[in-house]
1. Based on alpha-carbon centroids, what's the gap between the stretch 477-516 and the stretch 407-447 in Å, whole number please?
2. So what does the Cα-only Debye profile of the stretch 119-265 read at q = 0.16, 0.20 Å⁻¹, as log10 I(q)/I(0), no solvent term?
3. Under the rule a/c < 1.5 gives rounded, and otherwise a/b versus b/c splits prolate from oblate, where does the stretch 168-234 land using the Cα gyration tensor?
4. Considering amide H positions built from the backbone, and no H for Pro or chain starts, which residues 5 or more places from GLN429, or on another chain, come under 5 Å of its amide H?
5. Answer rounded, prolate or oblate for the stretch 123-163, using the Cα gyration tensor with square roots of eigenvalues a ≥ b ≥ c: rounded when a/c is under 1.5, else prolate when a/b is larger than b/c, else oblate.
6. Please work out how much length the chain gains when fully extended from GLU122 to ASN210, using 0.36 nm per residue of separation minus the C-alpha to C-alpha distance, in nm with one decimal.
7. Report, in debye and to the nearest 20, how large the dipole of the stretch 218-369 comes out about its Cα centre when Lys and Arg carry +1 and Asp and Glu carry -1 on their Cβ.
8. If I take all pairs of Cα atoms in the stretch 112-194, what percentage of them are more than 19 Å from each other?
Amino acid sequence: SVSKMIYVRALCGAIATLTASEEGTDVIRQSNVFQEIEEQLRVALSTQESHHSLSMIIPTRPESSQSIESTRRKQSSESQFSMENETRRPRKSEPSIFNMDSVSNTMSREYFTIIGFLSKSERGLELMSKIGLLKTIQQVIPSPRDDLTNLIISNIDYFDDRMRTVFGLAMTSDSKLVRLHCTRHLRVMLRAGVPDFQEWGIDLLATQLNDKDEEVALASLDVLSEACLENEFLELLIQKRPNLRSFGQKGRDLMIQMLRSEEGFSYLDELQWLRSEMLKWQKETNLSYVRIVEGRLIEALNTNSTNSSQFRRKVAMVGLPVHLYGGLATTHLGLDLLRRSGHAQDLLDTLHSSVTSPLDMRACLWALGHIASSPIGFQFAKDERVIEDIIKLAHESSCLSLRGTCFYVLGLISSTEDARDHMDMLGWQSPPFITTLITVPRNPSDFFSVPKYEFKGSPTQCPTLPNISVSAVEAEFLSAISQLGNTVTRKAAQDTINRLRASSPELVRSVRIFAQTSEVLAYLNFSLATRRYINGLFTDVQLAELDHMAPFSFLKV
């Protein structure tokens, strides 16, 4: 229980204090606490081995008196051997404090927390080695007791090579659960800043990419993706020359990260992966990138919760996926490839075009934003006056989705100090010390102003509707139908429909109103449930009357 953890913390503190000196370490040794823990571990292992051996026995029937006599002599010999060795091992009849039930349901699992504190010092490791605890721990790793192995892996300290050897044994365990736990624990050690992790952790993770189980290999790839955000770890992984093509999109994302290094660029170029990937991005991935980012934004900015505290917890910073062009622009080699291949010029042409579709323009903006987010790429964007063009689009575009994209892209570009200074000269300013990339116009009225536009008519007057005169009540009914597709006006629209159905029941029996409602359904977006509700209103309509109505003669029932 939580209340008893205070005793565990007190004992761990005492161990840390005592192992700071030789005298204190002698006190621990003389207490025999860890000798008893070591003995109980051996009891748990021997009990497990006994159960495993019994499960492997296949009973057979003796075929003759001679075989019976032979069996008796063998049993007598084994019994004598067992008695001679009785004093050399714990009795299997004595239950261990580390049996599965105890580890799962009692505080006995906290003994591994205590072992972990002992392993944090050189003196503690020497004591573990002298009393045989270190050797017994190494025997636990290949045993069938995955629960004990995982507890050991989670609690011991890895500042010393002896403990790293134990971890290496667990990483090659026959148990998938142990290998998966070890791989995930490497992320914990990465975040905790374990000393010299780059010297041995990256090597283990790179090896684990070849694990026979896909889940373990993907877990290793996940940890490597996080580790490679640091250039030091990225360079070490590139030196391992890992094969990431078989990992799908996640593998491609990590390969794009490698482009931040010139050595990584050369490695991927040798694999003949770069040019084929660039063509793929030019044809389709740039567009799908927009959909992925906008989908994440919608998910982060929308919530069905009415509780304000839950809303605050749901809204979070949206992480941008890696972008191939952004990775290339981080090195001179990559930027030169973008220029020579014509991809950079295609982006500039798209940005300056007046006939580009909104989706293609948003894809172009994100690509240019990623290019300009690195120091080398920013210089390219500055020379081509890309930032000025994006700011102009943000202020003057009549398409609000393009304005929103420009806002996000300018924030992405503000990741470098030179870019912030340049945008400040252009009227957009960024906070000097902030981790979130954001930049805002000094004069927001221009950015948030919407140009005047000509009213095109209500949804019920869409061009596809036949030109049929309707009464005021019918117009109100059709307007309420069109408002059912809006979550804001849906409740009021339903109330209006129910009121009109009660006062004018002929509305939902009129084939003329049904036909016009069908046109509204074809013109506007409604959820499936809403469409079923609308169609259910007209169950009494006689559809055969459509044949005799001139405006709807094209409909045949």
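Bear in mind that the values in this text are calculations on the coordinates, not laboratory data. Owing to the predicted nature of the structure, the values given are computational and were not obtained by experimental measurement. Methodologically, a virtual Cβ is constructed for each residue, glycine included, from the backbone with ideal geometry; neighbour enumeration extends over all protein chains shown.
1. Using only Cα atoms, the two centres lie 48 Å from each other.
2. Log10 of I(q)/I(0), two decimals: -0.85, -1.19.
3. Prolate.
4. HN-HN under 5 Å from GLN429: VAL440, ARG442.
5. oblate
6. 28.3 nm
7. Charge dipole of the stretch 218-369: 500 debye, to the nearest 20.
8. Distances greater than 19 Å cover 30 percent of the Cα pairs.
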